[in-house]
Amino acid sequence: MTCLRGLAGGVKVGSRLFTMEGPSFIRALADQGAKVFLDLKWHDIPNTVAQAVEAGTATGAWMMNVHASGGVPMMQAAARAAAETADRLGRPRPLVIGVTVLTSMDAGTLQQLGVNRPLMDQVVTLAEMAQSAGLDGVVASPLETAAIRARCGGDFLVVTPGIRGASAGAEKNDQNRTMGPAEAVRAGASYIVVGRPIIAASDPRQAAEAIALELR
């Protein structure tokens, strides 16, 4: 995090790092003033997800996510847990967003899961469900951002991973639905999430600076 200070608007902690370091690491980052996106993509019965969100809120995380495919009752439980826990602890309510369709997936993957509607329709439907459940926004690829904006409005957050191309480099890795940083923002992303193009670079700060320059 130190090498990206002043460049990154926040830091994402995913499953690997959280499993290695645990909630105390999130608290330490938050205590340093970092905006922590706790990217654990909870997907379980409503009560279990609510308890997970309660625990995540207690760490001081700024934003966390659940899988929108867990359904409206699960997302409602997550939103309620975040608000009630933040109120009880006297701290700001974290943002809770719903993961629509992972950026590694394509239409063929959805069909294997028994989802036969077009991928775009699936993403937009899940976004509308998330909004109706009281979530702050969704995670979606930059290719679907405009459609989500059209259906859910300008205040609904769209957090966009799958940032590749331009200053983020050409290597897609396991990402199927991608877009460059500035292009994603122009498409309507509220926040972009950039992982491997920065952390796998020989000089992470230089890589982040290139992305920041493109965005400016």
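The values are calculated or read from the model by the stated rules, or taken from the named source; none is laboratory data. Because the structure is predicted, anything quoted here is derived from the model rather than measured. In case anyone asks, the SASA skips ligands and DNA or RNA and just uses the protein heavy atoms, side chains included. Shrake-Rupley method; radii C 1.70, N 1.55, O 1.52, S 1.80 Å.
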Once amide H atoms are placed 1.01 Å from N in the peptide plane, what residues at a sequence separation of 5 or more from Leu95, or on another chain, have their amide H within under 5 Å of its amide H? Met63, Met64
Before anything else, pin down the relative contact order of region 1-150: Cα pairs under 8 Å, at least 6 apart, normalised by residue count, whole percent. 19 percent
Residues meeting the amide H criterion for His67 (H placed from the backbone, H to H distance under 5 Å, 5 or more places apart or on another chain) are Trp42, His43, Val99
Within the chain, helix-based [θ] at 222 nm, where runs of 4 or more DSSP H residues each add -39,500 (n - 2.57), nearest 500: -13000 deg cm²/dmol
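Can you give the accessible area per residue of the chain, in Å², using a 1.4 Å probe?
Details: 10540 Å² over 216 residues.
In whole numbers, the chain has 49 Å² accessible per residue.
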Quick one: 3J(HN,Hα) in Hz for region 80-97, Karplus 6.51/-1.76/1.60 with θ = phi - 60°, rounded, Gly and Pro as x. 5, 5, 4, 5, 5, 5, 4, 5, 5, 8, x, 10, x, 6, x, 6, 10, 10
Once you order the gyration tensor axes a ≥ b ≥ c over the Cα atoms, which shape class does region 58-216 get: rounded for a/c under 1.5, otherwise prolate or oblate by comparing a/b with b/c? oblate
Per the 1.4 Å probe, what fraction of the accessible area of the chain, in percent, lies on carbon and sulfur atoms? 51 percent
From the phi angles alone, apply the Karplus equation (6.51, -1.76, 1.60; θ = phi - 60°) to region 22-35 and give each ³J(HN,Hα) in whole Hz, x where the residue is Gly or Pro. x, x, 4, 5, 4, 4, 4, 5, 5, 5, 7, x, 6, 7
Backbone HN-Hα couplings from phi across region 137-152 [Karplus 6.51/-1.76/1.60, Hz, Gly and Pro as x]: x, 9, 9, 8, 5, x, 6, 9, 4, 4, 5, 5, 4, 5, 8, 10
